[in-house]
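Q: Below is one structure. I have some questions about it.
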Amino acid sequence: MVTVSVVVVTYNRPDHVRTCLTRLHELHRPADEILVVDGSPNDLTVRLVREEFPRVRMLRNELGRGTTAESRQIGFNATSGDIIAFVDDDAFAEPDWLDHLVVPYDDPSVVGVGGRALNDIEGEETRGLGDVGRLLADGRLTGNFAAHTGRVIEVDHLLGANMSFRRSALEAIGGIHGNYPGTCLCEESDISLRLKNAGGRLVYQPDALVHHVAAPYGIGGKRFDRRYLYYLRRNHVVMLVRVFGWGDPIVRYYARATVHEQRQYLWLAASHMRARKLDGEPRTVRQRARSVFTLTRAVAELGGLVAGFPAAFVARRRDERDVHVAR
């Protein structure tokens, strides 16, 4: 039987860590080891784990906030299991989660298995059934990781809140890339797409279920604010360049699709403002807020897109240097 190490990455959410670990200790098929990697600015999570879960290994990430990928690598380096499973601190596993997660690994070509994450959103289990975890031709990624497909299906990328990888495959691609700051988007897709490029298969197992409560960010702010949108675009560019290289047209396609989409938002914001001036009626607070929302959203996303290119250059150079040093 394969051995499984479970890694929980956290930042400033001790109460969620307590629930997450409690659920992991109730698994029918227990993990061979559980590790928590904490980047919090205080010792609340460290003390909680040591006092209430003494068998859980506690590790620190001194880099602090915005370094989820680096925390995953710290956890990976410290584990010994054949399979490394990652579950978010605000994702609470069902008792049979691990039973289902490990079954696809009976196929030696499978290098990664992801599960389903319910977000308590009406209709999410049937939404996007034919479009789970895809990389589109223009570089965008589909999610739909709450959909119950009724069977195990092959995908292009996995959800960070509920994913696992074969140790040997992760080692073969040089581990986990860092430098996905801010809201830490796209770091899990980086892992998935590099494994796919190396010839491995990734699958989605809908019966491996967690309940994702989407806790507030430990760094403050709303979950899907302008900062989120900025880093969504910035990190996505970095990911595409690192995985596929500057010469791959998918990078250009993604930039073009993003600009086209945001131009529509800018046009919409401008049309709202122009319409109110033409009819002579004062805009209500709600109407003004809608125009500002649309405008600032477009600015944030375009800013992130632009920032992604120099960031990708730096990240790519760093990756090349690391490969050279490893040799």
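The values are calculated or read from the model by the stated rules, or taken from the named source; none is laboratory data. As the structure is a computational prediction, the values presented were derived from the model and not from experiment. So basically every Cβ, Gly included, is an ideal-geometry build from the backbone, and we count neighbours across all protein chains shown. Side chains included, ligands, DNA and RNA excluded: accessible areas come from the protein's heavy atoms. Shrake-Rupley method; radii C 1.70, N 1.55, O 1.52, S 1.80 Å.
Q: I want the antiparallel fraction of DSSP beta bridges within the range 96-234, as a percent rounded to 5.
A: 45
Q: Within 10 Å, count the other beta carbons around each residue, average over each peptide in 234-241, 1-8, 87-94, 305-312, and list them highest first.
A: So the order, starting with the most tightly packed, is 234-241, 87-94, 1-8, 305-312.
Q: Continuing with this model, one more query. Which whole-Hz couplings ³J(HN,Hα) result when phi for each residue of the range 163-177 is put into the Karplus expression 6.51 cos²θ - 1.76 cosθ + 1.60, θ = phi - 60°, listed in order with x for Gly and Pro?
A: For the range 163-177, the Karplus-derived couplings read 8, 8, 9, 6, 3, 4, 5, 4, 4, 5, 9, x, x, 9, 6 Hz, x marking Gly and Pro.
Q: Ok, one more. Ratio to report: Rg/Rh of the range 131-194, with Cα atoms as the point set and Rh obtained by the Kirkwood method; give two decimals.
A: 0.97
Q: How many nm is it between the label spots at PHE313 and LEU129, if each spot is 7 Å from the Cα in line with the beta carbon?
A: Output for this residue pair reads 4.8 nm.
Q: Non-local amide H neighbours of ALA208 (under 5 Å, H modeled in plane, Pro and chain starts lacking H): which ones?
A: Hits under the 5 Å cutoff: ARG116.
Q: Hey, what's the range 105-227 come to in accessible area per residue, 1.4 Å probe, Å²?
A: Dividing the accessible area of the range 105-227 by its residue count gives 40 Å².
Q: What number comes out for accessible area per residue over the range 1-68 if the probe is 1.4 Å? Units Å², please.
A: Computed with neighbouring chains in place, this is 51 Å² per residue.
Q: For ARG29, which sequence-distant residues (separation of 5 or more, or a different chain) have an amide H within less than 5 Å of its own amide H, given hydrogens modelled in the peptide plane?
A: Close amide H contacts, sequence-distant or interchain: LEU98, ASP99.
Q: Counting only C-alpha contacts under 8 Å and six or more residues apart, can you give the relative contact order of the range 48-118 as a whole percent?
A: Relative contact order, the range 48-118: 15 percent.
Q: Give me, ordered by chain and number, the residues 5 or more places off ASP89 or on other chains with an amide H under 5 Å from its own placed amide H.
A: For ASP89, the qualifying residues are VAL9.
Q: Expressed in whole Å with the largest first, what are the equivalent ellipsoid semi-axes of the range 143-268 derived from the C-alpha gyration tensor as the square root of 5 times each eigenvalue?
A: Here the semi-axes work out to 25, 21, 16 Å.
Q: Using a probe of 1.4 angstrom, how much of the accessible area of the chain is carbon and sulfur, in percent?
A: The computed percentage sits at 54.
Q: In addition: Determine, for each peptide in 165-173, 180-188, the mean count of other beta carbons within 10 angstrom over its residues, then list the peptides with the highest first.
A: Answer by packing, highest mean first, reads 180-188, 165-173.
Q: Can you list, largest first and rounded to whole Å, the semi-axes you get for the range 30-158 by taking the square root of 5 times each eigenvalue of its Cα gyration tensor?
A: Those come to 29, 18, 16 Å.
Q: Over the C-alpha atoms of the chain, what are the Rg and the largest Cα-to-Cα span, Dmax, in Å?
A: My reading of the Cα-based Rg and Dmax gives 20.8, 74 Å.
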